[in-house]
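Worksheet for the structure shown next.
The values are calculated or read from the model by the stated rules, or taken from the named source; none is laboratory data. It should be emphasised that the depicted structure is a prediction, and the values quoted were computed from it without experimental measurement. Cβ sites come from the backbone with ideal geometry, for glycine too, and all protein chains shown count toward neighbours.
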Amino acid sequence: MKPRLVLVYCLIVLTPLALLAWVGSRMVKENQRQMQEQMERLLQGRLSDLSHTVQMYLRNREKELLRLTRLQSFRPEAIREHARQYGFVRQLFVIGPDSRLSYPSPTGPWTQEEEAFLLRTRKLFSYRVDFGGDESTPPLSNDEDLPNQPPANLQPNLSDQQILEMEQQQEASSQTQQRSVQQARLQVRQQANRPLQQLFRPPRKNGPSHGWHAWYWERGVHLLFWRRDEYGRVIGAEIPRVRLLSDLVGLFPDTGLSSAEGRIVLLDANGKRIYQWGAYEPKRGDEPAAMRSLLPPLKAWSLEYYLPADMLKPKQGEWMSVLPSVLALALALVGLAVYFYRENNRALREAAQRVSFVNQVSHELRTPLTNIRMYAELLENQVDEEDPAMGKRVSVILTETERLSRLIGNVLTFSRQQRQALKLHPVRAVPDRVIERVTENFRPAFVAKGIEPKLELNAGGEVTLDVDALEQILGNLLGNVEKYAPDGKSVTIASSIAGDVLTVTVQDHGPGIPAGKEETVFQPFVRLSEALTEGVAGTGIGLSIARALARMHGGELKLVPSEHGACFEITLRSQ
Amino acid sequence: MKTYWKWSFACLVLLGALAQSVQANQLKLNVSLGQTQLSAGKPQNTFLKVGLTGFEMLSDRDRTPVNVALVIDRSGSMAGQKIAQARQAAMLAVNRLNKNDIISVIAYSDTVEVLVPATKVSDRQTILQAIERLQAGGSTALFAGVSKGAEEIRKFAAKDKVNRIILLSDGLANVGPSSPSELGDLGQSLGRERISVSTMGLGLQYNEDLMVNLAQRSDGNHAFVENAKDLARIFNFEFGDVLSVVAQDVTVKIRCADGIRPVRLLGRDGEIAGNLVTVPLRQIYGKQERFVMLEVQVASGVAGQEKAVADVEVTYSNMKTKVTDTLTSKVNVRFTEDIHLVEEGENKEVMVTAIQMVANETNKLAMALRSKGQRIEARNLLMRNSVILQDNYKKYNDSRLQKYSQLNLDQSEAVMEDDDSAKYKGARKQALEEQYIQDAQRAW
């Protein structure tokens, strides 16, 4: 099988496969990307739901706190009594219309809890806290911009370091707390005596009348709820941070047996885990598949969603879905290729058979032909000079057998050429003698058509050449002259030897080869226009064979421009 | 005439019986001073004790329905005998409840699982089966466990129920908020909501400050269970209390008279504002007595003068009669120049209790010093405490003082041990339990 054919078949099979594989992989990737996006959306959706649960909870608390902050009496005793049974509030506070803290009173007397509250909120109330002022949007008033340094014109009486120490001491046992409380009492009293700035801006006309205030203290977010009443008082409630956390934990799901895969973690402002649920335990270094902060006022807290790695990675199975179709196509294409190959082979085989048949037939024809020729020649010798009619008949027999012989020779040569079985058989011979012989063979035909051969032979030397080849070439050329250029009435054959190149030219005076057809005449089965060939027998392979033979001989057969008629030039290289 | 006497006698008997029966459905308020006679001419401190004693609710039918959440640590360290005992104890608890009660069971390790959501104890089998499934492994999200417990309680929380979280833990909380003060704040917050948290520390590794704070501020019980085998017994005691609550939302208000200044409350959280002292006592169990001990400073008085010390008002929800009762009482003090009268006027019971409570405060301070690493200061303080108690024992001849003195002495040795020694760890847990018992008057 020819390598080019193999290449073509390979291309036929592989190209569509490659195309399909490429398209398939693109689709799979796109699919995976979409699935990833969907997964992310799903996760974010879940987190968003959780976030909204928190908001609902805060909204409910807000309602409760709105009720709670409606004080019947502003006496400290009454306020203490009022908040006592409410676990969600650590301490109530009241800021008067003059924007000064009125409960717990900055001048005392305080309970232990109230003192602790004042100490805690010292920083908070030292700065401009905006309850419902310009910057706040319900329900969150921003506080992240709380400066760490006190403004220049506010001089605390105790250094921050001392305050910090005291705050830290608050965490110790009750005995030490007693001591620090006494210190705190002193400090807060001192603070109360120093002139306070205008702490709170007057409320906006249409500003919010209640809301939440997220406040950073001890590296954690604490919540205050505040409500401004119609007299411009602000009644607030401090929410114990740990209670808020606890309620959120209660709100969120537990990890039951039917828990979905993955884990969700609630983190505080410092990234510390407050609560987590879900069966999956994230390993060190695992990144969350989705993250979301809670909504204000708790936006410092966030949720993280962890999934096991194999849920996130695209399944290898995706690729498996492409494979069957690729395989199917591959199979189909290979099948197709095989089919075409077999068909091609069959066609080739049939052609070969036909050629071989023709070959056989031709061979079979040759032997009887040789006999007929032989006896015809013998007959010619015995022909009486007084019987020109007999001579003429024999002449015709000879011419026709000659023609038949040429024809068969052409077919056989053509067949060999097709099978690439053409071979040269070089012998020592004199070209001119060959030319003369051939011309002699054509004598009866020429005579019949009135063509006069003119010989200008200059190749008398002995060279090594395939005599049969030269004979066949010449024979085809002269045959063409006889068929197509009889009107020229003459044909000139010239020969010469230059080095190892034998050149023979055959010039006729016929109609010549039309312009543009100089090369096509040499193609097999090509016969020029019907007008020319009408009524003329021929197979159209003569010139192509002649050329092939010439070329085999290291030479060439070509058409040489001439004034009138056609001039063919044969060049043969001595072997 | 005889008939008249018979009738009056009958009436009296009837009245008496009536009075008795009325009283048997109310708390008994007993306000007393450490010293009924004070030396004239100088200001001095004394102790005011407001004692409340419950009554018995006899039948199981009568008792207040209970809403209980069992929060059980199932971290890795609980594996083995501990978790098995915890299961047992929990199942025992379930069996003591009746169909009017509500139970939920929550297990926590790094995550929380609600094994039994709040449900009536009508289908005992299902609940027991769920408890059987309890297995150990993981870290300790104590905060989350308690929070989930609170959530389950809230589903059925009501004024006419006893709402209780019972927390069992053997280890250090390491997921979520875990400082004693935070958990204490949570305890206070839950306590106000009428949910108390009883904490049981199992073994030597738990954080006793955390567990005591949580219990104390929410008015639950605290117990140090050194050996898992004792769990069932402790659970029984706890349930004994829970099932015998006769009064809730107990609030004691002490209004001090002129010239009387409240100095400090011993052993309890309370609110001192001016001359008004408000103390939430929350729950009274069965016939036990719980009290508020207030140290007051009495201004100098004149011999022969009788001075009002304080007006006491106690309000509470009566679990038997389902009403809010109010009890009031007053207490006065006399001034004299006679030292003997002063001595005779001493209320031994109050004084002994007060001395114990003062010693308790000193004990707390000593333990705090030791926590900071100040071993020698702690030891000295404990030894001094022991001596003072011993002296007072000689004076009052009350064996409780001697026992406590010995305890302080033992502790003074234990604090010299290393932080991670079993002796110190055990001693500290025991010390904190003891402090708690003193403060809260745990009955068992």
Region B:134-172, residues that are within 13 Å of chain A (Cβ to nearest Cβ), within 22 Å of the chain's Cα centre (by Cα) and not hydrophobic (A, V, I, L, M, F, W, C): B:S147, B:G149, B:K159, B:N163
Residue under evaluation A:A78, criteria (1) exposed (fewer than 14 other Cβ atoms within 10 Å of the Cβ); (2) closer than 24 Å to A:E230 by Cβ; (3) of a type outside the set (S, T, N, Q); (4) within 60 Å of the chain's Cα centre (by Cα), criterion not met: (4)
Every residue from region A:228-268 that is surrounded by fewer than 22 Cβ atoms within 10 Å (Cβ to Cβ), charged (D, E, K, R) and over 23 Å from B:A150 (Cα atoms): A:D229, A:E230, A:R233, A:E261
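Return the residue satisfying two criteria in turn: it lies in region A:230-251 and is facing another protein chain (nearest Cβ under 9 Å) and not charged (D, E, K, R), and of such residues it is nearest to A:L101 (Cα to Cα). Please lay out each step first, then the result.
So in region A:230-251, the residues facing another protein chain (nearest Cβ under 9 Å) come out as A:240-243, A:245-251.
Then drop every residue that is not not charged (D, E, K, R), which leaves A:240, A:242, A:245-246, A:248-251.
On the way: A:P240: 20, A:V242: 25, A:L245: 28, A:S246: 30, A:L248: 31, A:V249: 34, A:G250: 34, A:L251: 34 Å.
Per the stated criteria, the residue is A:P240.
Which members of region B:154-164 meet the condition of being part of a loop (DSSP other than H, G, I, E, B) and surrounded by fewer than 17 Cβ atoms within 10 Å (Cβ to Cβ)?
Within region B:154-164, B:A157, B:A158, B:K159, B:D160 meet the criteria.
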Condition met for A:E261 (within 24 Å of A:E40 (Cβ to Cβ), assigned to a loop (DSSP other than H, G, I, E, B), more than 9 Å from chain B (Cβ to nearest Cβ) and not small (G, A, S)): yes
Pairs with Cβ under 8 Å, 6+ apart, first in region B:325-337 and over 14 Å from B:K49 (Cα atoms), second basic (K, R): B:R334/B:K307; B:F335/B:K307
Residue in region B:109-122 that is more than 28 Å from B:L186 (Cα to Cα) and either more than 10 Å from chain A (Cβ to nearest Cβ) or assigned to a loop (DSSP other than H, G, I, E, B) (or both) present: yes
Qualifying residues in region B:188-213 (those that are of a type outside the set (D, E, K, R) and part of a loop (DSSP other than H, G, I, E, B)) - the one nearest to the other protein chains (Cβ to nearest Cβ): B:N207
Selection count, region B:174-187, where residues are crowded, with 24+ Cβ neighbours inside 10 Å, touching a Lys or Arg at 6+ places or on another chain (Cβ under 8 Å) and more than 7 Å from chain A (Cβ to nearest Cβ): 1
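Yes/no matrix, rows are residues, columns are (1) surrounded by 19 or more Cβ atoms within 10 Å (Cβ to Cβ); (2) closer than 28 Å to A:A78 by Cβ:
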residue	(1), (2)
B:D230	no, no
B:N236	no, no
B:D249	no, yes
B:I254	yes, yes
B:A257	no, yes
B:D269	no, yes
B:V279	yes, yes
Residues being assigned to a loop (DSSP other than H, G, I, E, B) and within 11 Å of chain B (Cβ to nearest Cβ) - total across region A:95-112: 6
When residues of region A:487-521 are limited to those that are crowded, with 20+ Cβ neighbours inside 10 Å and part of a helix (DSSP H, G or I), the one modelled with the lowest pLDDT: A:G488
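Pick from region B:85-108 the residues that are away from chain A (no Cβ under 13 Å) and within 16 Å of B:G145 (Cα to Cα): which of them is surrounded by the fewest Cβ atoms within 10 Å (Cβ to Cβ)?
Residue satisfying both the conditions and the ranking: B:I103.
Say we look at region B:159-210 and pick out the residues that are of a type in the set (A, V, I, L, M, F, W, C) and without any contact (Cβ under 8 Å) to a residue 60 or more places away in the chain; which of these is nearest to B:S317 (Cα to Cα)?
Among residues in region B:159-210 that are of a type in the set (A, V, I, L, M, F, W, C) and without any contact (Cβ under 8 Å) to a residue 60 or more places away in the chain, the one nearest to B:S317 (Cα to Cα) is B:I195.
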Any hit, region B:291-298, residues being within 28 Å of A:E115 (Cβ to Cβ), in contact with a helix residue (DSSP H, G or I) (Cβ under 8 Å, 6 or more places away or on another chain), of a type outside the set (V, I, T) and crowded, with 20+ Cβ neighbours inside 10 Å: yes
Lone unmet requirement of (1) within 14 Å of another protein chain (Cβ to nearest Cβ); (2) in contact with a Phe, Trp or Tyr (Cβ under 8 Å, 6 or more places away or on another chain) for B:G240: (1)
Members of region A:235-252 that are in contact (Cβ under 8 Å) with a residue 12 or more places away in the chain and under 55 Å from the mean Cα position of the chain (by Cα): A:R241, A:L244, A:L245, A:D247, A:L248, A:V249, A:L251, A:F252
Subset of region B:64-84 that is at pLDDT 90 or above and more than 20 Å from B:L172 (Cβ to Cβ) - its residue that is surrounded by the fewest Cβ atoms within 10 Å (Cβ to Cβ): B:A84
Cross-chain or 6+ apart pairs with Cβ under 7 Å, region A:405-424 first and more than 11 Å from A:L549 (Cα to Cα), then small (G, A, S): A:R406/A:G475; A:R406/A:G479; A:I408/A:S362; A:V411/A:S362; A:L412/A:S362
1 or more residues within 14 Å of chain A (Cβ to nearest Cβ): qualifying helices (runs of 4 or more DSSP H) within region B:329-444: B:348-371, B:375-396, B:422-440
Sole exception among (1) among the aliphatic types (A, V, I, L, M); (2) in contact with a strand residue (DSSP E or B) (Cβ under 9 Å, 6 or more places away or on another chain); (3) farther than 27 Å from A:R84 by Cβ; (4) outside any loop (DSSP other than H, G, I, E, B) for B:L167, by number: (3)
Test for B:Q283: is it away from every other protein chain (no Cβ under 14 Å), surrounded by fewer than 22 Cβ atoms within 10 Å (Cβ to Cβ) and either in contact (Cβ under 8 Å) with a residue 12 or more places away in the chain or among the polar types (S, T, N, Q) (or both): no
Strands (runs of 3 or more DSSP E) wholly inside region B:214-323 containing at least 3 residues that are modelled with pLDDT of 90 or more: B:222-225, B:245-256, B:260-266, B:276-285, B:289-298, B:306-318
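Working only within region A:58-101, note down all residues that are among the basic types (K, R) and farther than 10 Å from A:I235 by Cα.
Result: A:R59, A:R61, A:K63, A:R67, A:R75, A:R80, A:R84, A:R90, A:R100.
Okay, residues lined up against (1) within 11 Å of chain B (Cβ to nearest Cβ); (2) assigned to a loop (DSSP other than H, G, I, E, B):
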{"site": "A:Y275", "(1), (2)": "yes, no"}
{"site": "A:A279", "(1), (2)": "yes, yes"}
{"site": "A:P282", "(1), (2)": "yes, yes"}
{"site": "A:R292", "(1), (2)": "no, no"}
{"site": "A:K299", "(1), (2)": "no, yes"}
{"site": "A:L303", "(1), (2)": "no, no"}
Residue that is farthest from the other protein chains (Cβ to nearest Cβ) [pool: residues in region A:58-70 that are among the aliphatic types (A, V, I, L, M) and surrounded by 18 or more Cβ atoms within 10 Å (Cβ to Cβ)]: A:L58
